[in-house]
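The values are calculated or read from the model by the stated rules, or taken from the named source; none is laboratory data. What you are looking at is a predicted structure, and each value in this text was computed from that prediction instead of being measured. When we count neighbours, we look across all protein chains shown, and the Cβ atoms used for this are built from the backbone with ideal geometry, even at glycine. The accessibility values were calculated without ligands, DNA or RNA, using every heavy atom of the protein model including side chains. Shrake-Rupley method; radii C 1.70, N 1.55, O 1.52, S 1.80 Å.
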Amino acid sequence: MKKVFVILCCALLCVNLYALPLDSIESEMKARIDKSMKIVKTNKDSKIMADEIFALFDFMFDYELMAKLSLSKEYNNLDNRQKEMFVSYYKKSLQQNFASKLELYKDNTIEVVGGEQIKENRYNLTASIVIDGALSYIIFKFYPKNNDWLIYDVDIIGISVVQTYRSQFADILKSSGIDGVFDRLKSGELFAEE
(Lines give C-alpha, C1' and ligand atoms only; values in the text may rest on other atoms or scores of the structure.)
Protein backbone atom coordinates (compact mmCIF):
# COMPACT_ATOMS: atom_id res chain seq x y z
CA MET A 1 0.00 0.00 0.00
CA LYS A 2 2.85 2.39 0.82
CA LYS A 3 4.44 1.85 -2.60
CA VAL A 4 1.13 2.63 -4.31
CA PHE A 5 0.78 5.79 -2.24
CA VAL A 6 4.31 6.81 -3.10
CA ILE A 7 3.56 6.39 -6.77
CA LEU A 8 0.32 8.35 -6.34
CA CYS A 9 2.23 11.19 -4.76
CA CYS A 10 4.88 11.05 -7.47
CA ALA A 11 2.23 11.20 -10.12
CA LEU A 12 0.45 14.01 -8.36
CA LEU A 13 3.48 16.09 -8.06
CA CYS A 14 4.78 15.38 -11.52
CA VAL A 15 2.05 17.60 -12.63
CA ASN A 16 1.90 26.15 -11.02
CA LEU A 17 -1.53 28.67 -9.88
CA TYR A 18 -2.40 28.97 -13.53
CA ALA A 19 -5.08 26.55 -14.55
CA LEU A 20 -5.66 24.94 -17.90
CA PRO A 21 -8.24 25.26 -20.62
CA LEU A 22 -9.74 21.89 -21.55
CA ASP A 23 -8.12 21.76 -24.99
CA SER A 24 -4.62 22.22 -23.50
CA ILE A 25 -4.69 19.58 -20.77
CA GLU A 26 -3.18 16.70 -22.72
CA SER A 27 -0.36 18.63 -24.39
CA GLU A 28 0.47 20.62 -21.25
CA MET A 29 0.54 17.53 -19.05
CA LYS A 30 2.70 15.64 -21.54
CA ALA A 31 5.24 18.48 -21.70
CA ARG A 32 5.35 18.86 -17.91
CA ILE A 33 5.54 15.13 -17.21
CA ASP A 34 8.42 14.86 -19.69
CA LYS A 35 10.22 17.77 -17.96
CA SER A 36 9.62 16.23 -14.54
CA MET A 37 11.05 12.88 -15.61
CA LYS A 38 14.21 14.68 -16.83
CA ILE A 39 14.46 16.42 -13.44
CA VAL A 40 14.17 13.09 -11.59
CA LYS A 41 17.01 11.62 -13.63
CA THR A 42 19.41 14.52 -12.82
CA ASN A 43 20.64 13.01 -9.53
CA LYS A 44 20.06 16.31 -7.72
CA ASP A 45 19.15 16.45 -4.07
CA SER A 46 15.57 15.13 -3.64
CA LYS A 47 14.38 18.42 -2.06
CA ILE A 48 15.70 20.41 -5.04
CA MET A 49 14.13 17.95 -7.48
CA ALA A 50 10.79 18.09 -5.64
CA ASP A 51 10.81 21.90 -5.64
CA GLU A 52 11.50 21.98 -9.39
CA ILE A 53 8.73 19.48 -10.08
CA PHE A 54 6.25 21.32 -7.86
CA ALA A 55 7.02 24.51 -9.77
CA LEU A 56 5.86 22.69 -12.92
CA PHE A 57 2.59 21.27 -11.59
CA ASP A 58 1.41 23.07 -8.49
CA PHE A 59 -1.04 25.35 -10.31
CA MET A 60 -2.91 22.38 -11.73
CA PHE A 61 -4.08 21.05 -8.37
CA ASP A 62 -7.08 22.19 -6.39
CA TYR A 63 -5.59 21.37 -3.00
CA GLU A 64 -8.56 22.92 -1.22
CA LEU A 65 -11.04 20.58 -2.91
CA MET A 66 -8.73 17.60 -2.45
CA ALA A 67 -8.40 18.38 1.26
CA LYS A 68 -12.16 18.84 1.61
CA LEU A 69 -12.92 15.57 -0.16
CA SER A 70 -10.27 13.77 1.90
CA LEU A 71 -11.61 14.97 5.26
CA SER A 72 -15.18 14.39 4.10
CA LYS A 73 -18.01 15.65 6.35
CA GLU A 74 -15.61 16.70 9.09
CA TYR A 75 -14.29 19.50 6.85
CA ASN A 76 -17.58 21.39 7.19
CA ASN A 77 -17.15 21.44 10.99
CA LEU A 78 -13.92 23.44 10.71
CA ASP A 79 -13.95 27.22 11.00
CA ASN A 80 -12.35 29.27 8.20
CA ARG A 81 -8.99 29.52 9.96
CA GLN A 82 -8.91 25.76 10.57
CA LYS A 83 -9.84 25.07 6.94
CA GLU A 84 -6.99 27.28 5.75
CA MET A 85 -4.53 25.54 8.09
CA PHE A 86 -5.84 22.11 7.11
CA VAL A 87 -5.38 22.76 3.38
CA SER A 88 -1.87 24.08 4.03
CA TYR A 89 -0.90 21.00 6.07
CA TYR A 90 -2.54 18.69 3.53
CA LYS A 91 -0.55 20.18 0.66
CA LYS A 92 2.65 20.01 2.71
CA SER A 93 1.95 16.33 3.48
CA LEU A 94 1.57 15.51 -0.21
CA GLN A 95 4.80 17.34 -1.00
CA GLN A 96 6.78 15.71 1.82
CA ASN A 97 5.64 12.25 0.82
CA PHE A 98 6.58 12.87 -2.77
CA ALA A 99 9.99 14.39 -1.99
CA SER A 100 10.93 11.52 0.31
CA LYS A 101 10.32 8.94 -2.44
CA LEU A 102 11.85 10.56 -5.52
CA GLU A 103 14.94 8.34 -5.55
CA LEU A 104 12.72 5.28 -6.09
CA TYR A 105 11.55 6.53 -9.49
CA LYS A 106 14.72 7.52 -11.29
CA ASP A 107 14.50 4.50 -13.56
CA ASN A 108 10.78 4.80 -14.35
CA THR A 109 9.11 6.61 -17.20
CA ILE A 110 5.65 8.13 -17.15
CA GLU A 111 4.03 8.61 -20.55
CA VAL A 112 0.72 10.27 -21.40
CA VAL A 113 -1.61 7.80 -23.09
CA GLY A 114 -4.50 10.19 -23.75
CA GLY A 115 -7.38 12.12 -22.30
CA GLU A 116 -11.13 11.79 -22.35
CA GLN A 117 -13.95 14.07 -21.29
CA ILE A 118 -16.10 11.55 -19.45
CA LYS A 119 -18.79 14.06 -18.49
CA GLU A 120 -19.41 17.70 -19.28
CA ASN A 121 -17.63 18.62 -16.03
CA ARG A 122 -15.07 15.81 -15.80
CA TYR A 123 -11.93 15.02 -17.80
CA ASN A 124 -9.55 12.14 -17.16
CA LEU A 125 -6.00 12.08 -18.44
CA THR A 126 -4.37 8.66 -18.44
CA ALA A 127 -0.63 8.11 -18.21
CA SER A 128 1.27 4.85 -18.07
CA ILE A 129 4.12 3.78 -15.82
CA VAL A 130 5.96 0.49 -15.43
CA ILE A 131 6.09 -0.59 -11.79
CA ASP A 132 8.10 -3.68 -10.88
CA GLY A 133 7.97 -4.78 -14.52
CA ALA A 134 4.18 -4.40 -14.83
CA LEU A 135 2.41 -1.74 -16.84
CA SER A 136 0.16 0.39 -14.64
CA TYR A 137 -1.91 3.47 -15.20
CA ILE A 138 -2.20 6.84 -13.53
CA ILE A 139 -5.42 8.78 -14.03
CA PHE A 140 -5.37 12.50 -13.39
CA LYS A 141 -8.93 13.63 -12.70
CA PHE A 142 -9.82 17.19 -13.73
CA TYR A 143 -12.90 19.33 -13.19
CA PRO A 144 -13.74 22.87 -14.36
CA LYS A 145 -13.32 25.79 -11.99
CA ASN A 146 -13.59 29.42 -13.07
CA ASN A 147 -13.33 28.49 -16.77
CA ASP A 148 -10.16 26.45 -16.24
CA TRP A 149 -9.57 22.81 -15.39
CA LEU A 150 -7.88 21.64 -12.19
CA ILE A 151 -6.87 18.26 -10.81
CA TYR A 152 -9.03 17.13 -7.91
CA ASP A 153 -7.74 13.56 -7.57
CA VAL A 154 -5.22 11.12 -9.01
CA ASP A 155 -5.71 7.36 -9.26
CA ILE A 156 -3.04 4.77 -9.80
CA ILE A 157 -3.92 1.15 -10.28
CA GLY A 158 -7.38 2.04 -9.05
CA ILE A 159 -6.37 3.70 -5.78
CA SER A 160 -6.99 7.41 -5.34
CA VAL A 161 -5.00 9.94 -3.34
CA VAL A 162 -8.22 11.36 -1.93
CA GLN A 163 -9.48 7.94 -0.83
CA THR A 164 -6.11 7.06 0.70
CA TYR A 165 -6.09 10.26 2.75
CA ARG A 166 -9.78 9.83 3.63
CA SER A 167 -9.07 6.37 5.00
CA GLN A 168 -6.13 7.63 7.08
CA PHE A 169 -8.15 10.57 8.38
CA ALA A 170 -11.11 8.35 9.31
CA ASP A 171 -8.85 6.10 11.41
CA ILE A 172 -7.24 9.06 13.15
CA LEU A 173 -10.59 10.78 13.73
CA LYS A 174 -11.88 7.64 15.49
CA SER A 175 -8.94 7.44 17.84
CA SER A 176 -7.80 11.06 18.27
CA GLY A 177 -10.41 13.39 16.79
CA ILE A 178 -9.72 16.34 14.55
CA ASP A 179 -6.83 17.48 16.76
CA GLY A 180 -5.13 14.17 16.05
CA VAL A 181 -5.52 14.72 12.30
CA PHE A 182 -3.97 18.19 12.59
CA ASP A 183 -1.15 16.84 14.76
CA ARG A 184 -0.29 14.03 12.32
CA LEU A 185 -0.42 16.33 9.28
CA LYS A 186 1.61 19.03 11.00
CA SER A 187 4.25 16.55 12.18
CA GLY A 188 4.59 15.02 8.72
CA GLU A 189 3.84 11.58 10.11
CA LEU A 190 0.46 10.89 8.55
CA PHE A 191 1.63 7.71 6.84
CA ALA A 192 4.19 6.68 9.46
CA GLU A 193 4.15 3.09 10.61
CA GLU A 194 1.87 2.63 13.58
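Worth a mention:
- Within the straight-line cut-off of under 19 Å between alpha carbons, the lysines reachable from Lys47 are Lys35, Lys38, Lys91, Lys92, Lys101, Lys106, Lys186, sequence neighbours fewer than 8 places apart in one chain being disregarded.
- Percent carbon-and-sulfur accessible area, region 19-74, ignoring ligands, DNA and RNA, probe 1.4 Å: 53 percent
- Averaged over residues, the count of other Cβ atoms within 10 Å places the peptides 126-138, 149-161 in the sequence 149-161, 126-138, highest first.
- Projecting the Cα atoms of Gly133, Pro144, Gly177 onto the dipole axis of region 127-194, where Lys and Arg carry +1 and Asp and Glu carry -1 at the beta carbon, places Pro144 farthest toward the positive end.
- Entry comment: accessible area of the chain is 51 Å² per residue, from protein heavy atoms only and a probe of 1.4 Å.
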